[in-house]
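All remarks here apply to the structure that follows.
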Amino acid sequence: EVLKSSQVDWTLLRVLKLTNSHAPKGRVPMSTTGPAKTLTSREEVAKAIVQLIEDDSYIRQALIIVK
């Protein structure tokens, strides 16, 4: 609620469980609804963050990495 009512641009990225494996090639699939990917590599989270920084179409949304 604090984020939703704030005046700043924000994007929230959620994951279920982190692993130390390598990320698959290509873009990281994300959605606001799921279904959530159960195990997500830290490398994949880093790639997703870079994608979100480069693309501002997800401002003021809570995303989850999906299968």
Summing -39500 (n - 2.57) over every DSSP H run of at least 4 in the chain, dividing by its residue total and rounding to the nearest 500, the 222 nm mean residue ellipticity is -7000 deg cm²/dmol
Note on the chain, DSSP bridge orientation, antiparallel percent to nearest 5 equals 30
Helix 42-54 sits at what angle to the longest principal axis of the chain, using alpha carbons and giving 0 to 90 degrees rounded to 10? 40
Rounded percent of accessible protein surface that carbon and sulfur make up, the chain, 1.4 Å probe: 57
The answer for the chain, accessible area per residue at 1.4 Å probe in Å², is 72
Cross-link list Lys25/Lys47; Lys17/Lys67; Lys4/Lys37: which exceed 18 angstrom alpha carbon to alpha carbon? Lys4/Lys37
Under the classification rounded if a/c is under 1.5, otherwise prolate if a/b is larger than b/c and oblate if not, where does the chain fall, given a ≥ b ≥ c as square roots of the Cα gyration tensor eigenvalues? prolate
Given a Förster radius of 22 Å and the C-beta distance between Lys17 and Ser57 as r, what FRET efficiency does 1/(1 + (r/R0)^6) yield to the nearest 0.05? 0.25
Would you mind checking segment 34-49 for residues with the amide N under 20 Å from a putative spin-label position 7 Å along Cα→C-beta of Val66? 34-41, 44-49
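The values are calculated or read from the model by the stated rules, or taken from the named source; none is laboratory data. Computed from a predicted structure; not experimentally measured. So basically every Cβ, Gly included, is an ideal-geometry build from the backbone, and we count neighbours across all protein chains shown. Keep in mind that these areas ignore ligands, DNA and RNA; they rest on the heavy atoms of the full protein, side chains included. Shrake-Rupley method; radii C 1.70, N 1.55, O 1.52, S 1.80 Å.
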